[in-house]
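Input: a single structure, listed below in structure tokens.
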Amino acid sequence: MFALQSPKAMSFRQKEKMQYLLLLIPGCLLYGVFNLLPLIGTLVLSFYDWPGIGPATFVGFENFTHLLGDEYMSNQLWNAFFQTVLFFGICISLFLILGTTFALLLSWNTAGKSAYKLLFFMPYPLSAVAVAFLGQLIVDVRGPLNQILAHWDIISQPLMFLGNEDSALPTIAFFQSWQKLGFSIMLILSAILGVRSDLLEAAVLDGASRWQCIRYVVFPVLAPAFVLITILTMVDVFNNAEYVLILMGPDAGPYYSTDILGTFQYRTAFGTSGGSGTANLGLAAAIGMVISILILPATIYLALRNMRNR
């Protein structure tokens, strides 16, 4: 009789793939529970008319047609969209310009290096409520910013940064940028520190100035970090509205000048701060799906880029 042969032991490559799979399972489960399932639930809810309490009525694509076809809702949607783009433009400009500047300063033996670290990394672990409260105190009519501007004779009367339609949204964007600038500095600084020292030494030996070294050696290496920061900022701005809700409430005053997609969705789902307006979670879910479609190309690009770099 033939003896049964024992199964072949797994190769090192198979063991490595098995370890990767086991390590991925917890993360995939958490992502599925807290991200994928809510997204599927939002898609299903967008086909219903539901005030949040009581039975839900299936309406098909009526929420989407009402959102895009009704003049009032369409105007609010496009107003929130363009102001979200403006909010994103201010944030990403500050992240890339100031983030690169301070990352370069931190990469050198610059005077005040510890002060830069404290100033820009201190607000990052704080909550949005704390940063919004501090920012509001700074730009208050009697706050230090107005006092300094008046002392230097730049203004004759205090400025209402959060009470003016033209300055409210940029002011809130500055608050959010101040809190999250440290993350951009960290990503850009890690890319700068990854520049090969022999390339910099060769450039210096060839007579390149410091600015030429930055422009022709360092900046090309920073492109992937810039792309990552841009995509992450876009997803964050289009999905969140915490600063506007904290400082201005769901009404996004003054006169909807700070209304972005997040506040528009919140107001549609739960009504205004004064209790007026009809809560409609189904219509709010439709807004959420529109937001997901807007940021989908950026997320797909980031996923493909990560796969290509592996």
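The values are calculated or read from the model by the stated rules, or taken from the named source; none is laboratory data. Remember, predicted model here, so these are calculated numbers, not experimental data. Quick reminder, even Gly has a Cβ in these numbers, built from the backbone with ideal geometry, and neighbours come from all protein chains shown.
Within region 218-232, how many residues are within 21 Å of S197 (Cα to Cα) and of a type in the set (S, T, Y)?
Adding up the residues that qualify gives 0.
Among the residues of region 160-175 satisfying the criterion of being among the small types (G, A, S) and buried (at least 18 other Cβ atoms within 10 Å of the Cβ), which is nearest to C213 (Cα to Cα)?
Per the criteria, the residue is A173.
So which residues in region 93-128 are touching a helix residue (DSSP H, G or I) at 6+ places or on another chain (Cβ under 8 Å) and closer than 23 Å to N164 by Cβ, if there are any at all?
Result: L94, A128.
Identify the single condition in (1) over 29 Å from A173 (Cβ atoms); (2) touching a helix residue (DSSP H, G or I) at 6+ places or on another chain (Cβ under 8 Å); (3) of a type in the set (A, V, I, L, M, F, W, C) that F61 does not satisfy, given that it satisfies every other one.
The number of the failed condition is (2).
Please specify each residue of region 122-159 satisfying the condition of being outside any helix (DSSP H, G or I) and surrounded by fewer than 15 Cβ atoms within 10 Å (Cβ to Cβ).
Those that are outside any helix (DSSP H, G or I) and surrounded by fewer than 15 Cβ atoms within 10 Å (Cβ to Cβ): M122, P125, L126, S127, V141, R142, W152, D153, I154, I155, S156, Q157.
Which of (1) among the polar types (S, T, N, Q); (2) surrounded by 11 or more Cβ atoms within 10 Å (Cβ to Cβ); (3) within 29 Å of F175 (Cβ to Cβ) does S74 not meet, given it meets every other one?
Unmet for S74, out of (1) among the polar types (S, T, N, Q); (2) surrounded by 11 or more Cβ atoms within 10 Å (Cβ to Cβ); (3) within 29 Å of F175 (Cβ to Cβ): (3).
Under 9 Å between Cβ atoms, which residue pairs at least 6 apart in sequence (or on different chains) link something in region 30-55 that is in contact (Cβ under 8 Å) with a residue 12 or more places away in the chain with a partner that is of a type in the set (D, E, K, R) and surrounded by 15 or more Cβ atoms within 10 Å (Cβ to Cβ)?
F47/E62; D49/E62
Using the structure shown, decide if A103 is at pLDDT below 90, of a type in the set (G, A, S), farther than 23 Å from Y256 by Cα and surrounded by 18 or more Cβ atoms within 10 Å (Cβ to Cβ).
So A103 passes the test.
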